[in-house]
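Please read the structure below before turning to the comments.
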Amino acid sequence: MKTVIITLYIAFLASSSFGQQVAKPIKDNYQEFIKPDVSSFDLATVVTPNPTIDKVAIMWYGQQQIDKILVIKSDKSEVIPVELNDEHVVVLNGLNAGVYYVQYYFKGKIMASKELIVNEHP
């Protein structure tokens with residue numbers, strides 16, 4: 001952004017006639033890195049990469065507590081309970097090809113659900 005402002009400023013100087021007053025550019029207050037306050041989310045969930053081949057990271061954060069996560073194959077042939085940890089990140093390996101649903105629970109109620117697609121090994 002600063003490069004664009006400087007380039008425009010130089011172009012303006014080049015096109016203006018000598019002796020005219022030149023306007024000063026406004027200070028750039030834009031911050032390039034904005035870190036969201038995750039405490040403001042009720043529940044944010046991430047399942048990545050999606051689609052995957054066999055390995056996936058399941059993440060969750062926010063104010064809403066989670067006491068159980070299940071990964072359920074769409075045909076219900078597989079139900080995988082996920083062991084929770086304090087880091088709120090779990091990595092699963094060796095999933096069979098198919099469509100799964102990652103369901104986040106608190107006190108028996110589904111708080112969120114994400115679809116996960118696992119492709120065949122090449």
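None of the figures in this text is laboratory data; all of them are computed from the coordinates on show. In this text, all values refer to a predicted model and were calculated from it rather than measured experimentally. Don't worry about glycine lacking a Cβ; one is built from the backbone with ideal geometry, like all the others, and counts go over all protein chains shown.
Listing for the model above:
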{"quantity": "Shape category assigned to the stretch 38-118 from the gyration tensor of Cα positions, a/c cut at 1.5", "calculated": "prolate"}
{"quantity": "For the stretch 77-93, 3J(HN,Hα) per residue [Karplus equation, 6.51 cos²θ - 1.76 cosθ + 1.60, θ = phi - 60°, Hz, x = Gly/Pro]", "calculated": "6, 9, 10, 10, x, 9, 7, 7, 9, 6, 7, 6, 9, 10, 10, 10, 10"}
{"quantity": "Relative exposure of E83, E78, E120, judged by other C-beta atoms within 10 Å (fewest first)", "calculated": "E83, E120, E78"}
{"quantity": "For a label point 7 Å along the Cα-to-beta-carbon line of H121, residues of the stretch 80-107 with backbone N under 18 Å", "calculated": "92-99"}
{"quantity": "Student exercise, the stretch 38-118 dipole from Lys, Arg, Asp, Glu Cβ charges, in Debye to nearest 20", "calculated": "200"}
